[in-house]
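Please read the structure below before turning to the comments.
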């Protein structure tokens, strides 16, 4: 497995897309299946967001101050996703708004992912060397095991709030 930070994040994005598709395929199916998939989505997003907020964004912000506006926008997009994740975490799949709220989360995350992959990652890759991206990736990989798994985890909430008030 590559330790390149961008490769690590793109692998997370790939897994999220797979989970999103699985949810969309199960939208009309049993509530238990949708609940299980949303729980997996929430865990994947919580871990991924934490790693970006804790390692990738602060490091890039420090090394590439010209990208600060992009990073601030990403923090805000994460905040919106965090709010939706917390609301979904408290909901039951039988709730009439469960599918709609999940769809809005998916749409917001896909928009964010596309911006990162098409606009932000190329700028970061061009400006940072392979060694720096590997060092950042290694830090994210090391932190993954201890990353929060639930959007209600105090560590996830604090990092999200710190990011938008920084």
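As an exercise: evaluate residue 53 against (1) modelled with pLDDT of 95 or more; (2) over 18 Å from residue 122 (Cα atoms); (3) buried (at least 16 other Cβ atoms within 10 Å of the Cβ) and give the number of the one condition it does not meet.
Among (1) modelled with pLDDT of 95 or more; (2) over 18 Å from residue 122 (Cα atoms); (3) buried (at least 16 other Cβ atoms within 10 Å of the Cβ), residue 53 violates only (1).
Which residue pairs have Cβ atoms closer than 9 Å, lie 6 or more positions apart in sequence or on different chains, and pair a first residue in the range 65-76 that is touching a residue at least 40 places away in the same chain (Cβ under 8 Å) with a second residue that is not in a helix (DSSP H, G or I)?
From the range 65-76, the pairs are 75/166.
Out of (1) surrounded by fewer than 18 Cβ atoms within 10 Å (Cβ to Cβ); (2) touching a helix residue (DSSP H, G or I) at 6+ places or on another chain (Cβ under 6 Å); (3) under 22 Å from residue 139 (Cβ atoms), what's the single condition that is false for residue 33?
That leaves (3) as the condition not met.
Residue check: is residue 46 modelled with pLDDT of 95 or more and surrounded by fewer than 22 Cβ atoms within 10 Å (Cβ to Cβ)? It would help to see each step written out before you state the result.
Values: modelled with pLDDT of 95 or more: yes; surrounded by fewer than 22 Cβ atoms within 10 Å (Cβ to Cβ): no.
Spelling it out, it is not the case that residue 46 is modelled with pLDDT of 95 or more and surrounded by fewer than 22 Cβ atoms within 10 Å (Cβ to Cβ).
The values are calculated or read from the model by the stated rules, or taken from the named source; none is laboratory data. Here the structure is a predicted model, which is why all the values come from computation and not from measurement. Backbone-built Cβ (ideal geometry, glycine too); neighbour counts: all protein chains shown.
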